[in-house]
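Every number in this text was worked out from the coordinates using simple rules, so none of it is lab data. It should be emphasised that the depicted structure is a prediction, and the values quoted were computed from it without experimental measurement. We place every Cβ from the backbone using ideal geometry, glycine too, and count neighbours over all the protein chains shown.
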Amino acid sequence: MRPDPTTDLLELMPWSSNKFTEAIRRLQCSSNIQALCRQYLPEMSPTELSSKAAKIKTAEEFQNAFIAPAISTMLRKTSDGFTVSGLESVRPSHPRLFLCNHRDIILDPMLFAYALEQKGLRTPKICLGDNLLNLPVIVDLIKINKGITVKRNLKMHELHRWLLALSTLIRQNIEGGVDSIWIAHKEGRAKDGDDRTHPGILKMLCLTDSDDWMDSLKALHITPVAISYEWDPCDILKAMELAATSSEGIYSKKPNEDVHSMITSLTANKGRIHIAIGSELSDDRYNVYRHCTRVEGMRAIACEIDNELHRLFRLWPSYFIAYDALSNSSQMSAYYTKEDKERFLQRLEQAIALCPRHNQDIVRELVLRAYAQSVVNAKSHHSETQLPFAIQHS
């Protein structure tokens, strides 16, 4: 029997109608959610929480009543400031595809939606891999927050089916004027700190329009977004995964490892955080590749997106400190203070001390390389005296 496209779309879509209401009720009864509320919504009594939840009818109401206050508390407890640039280019009546670098499983989309919500802008639908949906409470929490499921780890014929459904859903939202969409520019986080757009993402976006790949991409109003954390909350976990992959050739995630990463993201110190929203890719950027083949053109557009992401990325002192530490130099010392360096290295050594002793040296190097890679990327587009968004000290 041939799959029903409508049924496929419904399976990927966020909860709505009866499913939304039922999910709200389940979350109210969840001990995990109750614990999160005590931690991140301490000013609300259980009675007030129940009263507010009973009145929730839409994702936007849920985000405004619970998610935004919880994120505000989380940022106050675990960050040294959250800033956003480029919001003036976001128009409510102009849905678009926000294509974002990917550093954290849950924080990247959550903070982006929060930034829009705080400015009174409609939040986007969020594309998240189904590897995160292994606990019912997480399924409900993501699906009532406008989460779109991205199917992964499938056989080829099944993968094409679900990628086609995803492509259709994204295009229906944007071209139909329904919602903007947030999606990571590649599958999986940039564990090595190297933000590179996978052309396969662009190929997926064009599956529903095989005639002209360029016009198909233009219709989605692709807008690059760069998020940068002064201290990546999962830097050690990422490095340990890379170390295991390097020594054993493969890495198998433990049960609920992604859940552990999400909890770490929420609770660990992140330093300063910045989100930079770029400009929509212009016709000029596309037209340069008008005569390329489909494959060549998509690779070129992926590079254009990367150039913009590297231009937008906020280089915090930690990135320059790591760059100098690897080369045992002070080449970038204009971009950090002695206090910056001491604080970053102390934090790093305290975290590494918790790793198995035989792995500590390689983990340390991998963490430093991940931070330094962003400086390497920026230097490939700018002179050292014109590094963008650097926090320079006199």
By the C-alpha gyration tensor axes a ≥ b ≥ c (rounded if a/c is under 1.5, else prolate when a/b exceeds b/c, else oblate), the shape of segment 211-269 is prolate
Applying the span-like rule to the chain (DSSP H, Cα extent along axis at least 18 Å, Kyte-Doolittle mean at least -1.0) gives 17-29, 156-175, 235-248, 294-312, 360-379
Taking Cα pairs closer than 8 Å and at least 6 residues apart, the relative contact order of segment 1-113 in percent is 22
Residues Tyr229, Tyr286 in order from fewest to most other beta-carbon atoms within 10 Å are Tyr286, Tyr229
Gyration tensor on Cα atoms of segment 212-342, a ≥ b ≥ c root eigenvalues, a/c under 1.5 rounded, else prolate if a/b beats b/c, else oblate, says prolate
XL table Lys55/Lys151; Lys19/Lys151; Lys55/Lys125; Lys52/Lys270; Lys52/Lys77; Lys191/Lys341; Cα-Cα > 28 Å flagged, in table order, is Lys55/Lys151; Lys52/Lys270
Once normalised by the length of segment 317-386, the mean sequence separation of its alpha carbon contacts under 8 Å that are 6 or more apart gives a contact order in percent of 44
Cβ-Cβ cut-off under 12 Å around Glu22, Lys and Arg +1, Asp and Glu -1: the net charge is +3
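So in the chain, what percent of DSSP beta bridges are antiparallel if you round to the nearest 5?
Of all bridge pairs located within the chain, approximately 25 percent are antiparallel.
Excluding Ile263 itself, what net charge comes from residues whose Cβ is under 13 Å from its Cβ, given Lys and Arg +1 and Asp and Glu -1?
Value of the local net charge: -3.
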If amide H atoms are modeled at 1.01 Å from N in the peptide plane, then the residues at a separation of 5 or more from Ile148, or on another chain, having amide H under 5 Å from its own are Ile126, Cys127, Leu128
Length gained, Ile250-Asp283, 0.36 nm per residue minus C-alpha separation, equals 7.7 nm
Whole-Å distance linking the alpha carbon centroid of segment 149-163 with that of segment 89-103 is 25
Ranked on Cβ counts within 10 Å of their own Cβ, fewest leading, Lys19, Lys119, Lys151 go Lys119, Lys19, Lys151
Of the residues Phe344, Ile33, Thr245, the Cα lying farthest along the dipole of the chain towards its positive end, which is defined by charges on the beta carbon of Lys, Arg, Asp and Glu, belongs to Ile33
Honestly segment 114-239 on the Cα gyration tensor test (a ≥ b ≥ c root eigenvalues; a/c under 1.5 rounded, otherwise a/b vs b/c for prolate or oblate) is just rounded
If one builds a Gaussian network model of the chain from Cα atoms under 10 Å apart, the most fluctuating residue listed among Asn145, Asn18, Asn307 is Asn18
Going from the fewest other Cβ atoms within 10 Å to the most, one would list Arg347, Arg38 as Arg38, Arg347
Any aspartates and glutamates whose Cα falls less than 14 Å from that of Lys253, other than same-chain ones fewer than 8 residues away, would be Glu241
Here the longest stretch of the chain that holds no GluC sites (Glu not before Pro) in a DSSP loop having at most 14 other beta carbon atoms within 10 Å is 188-394
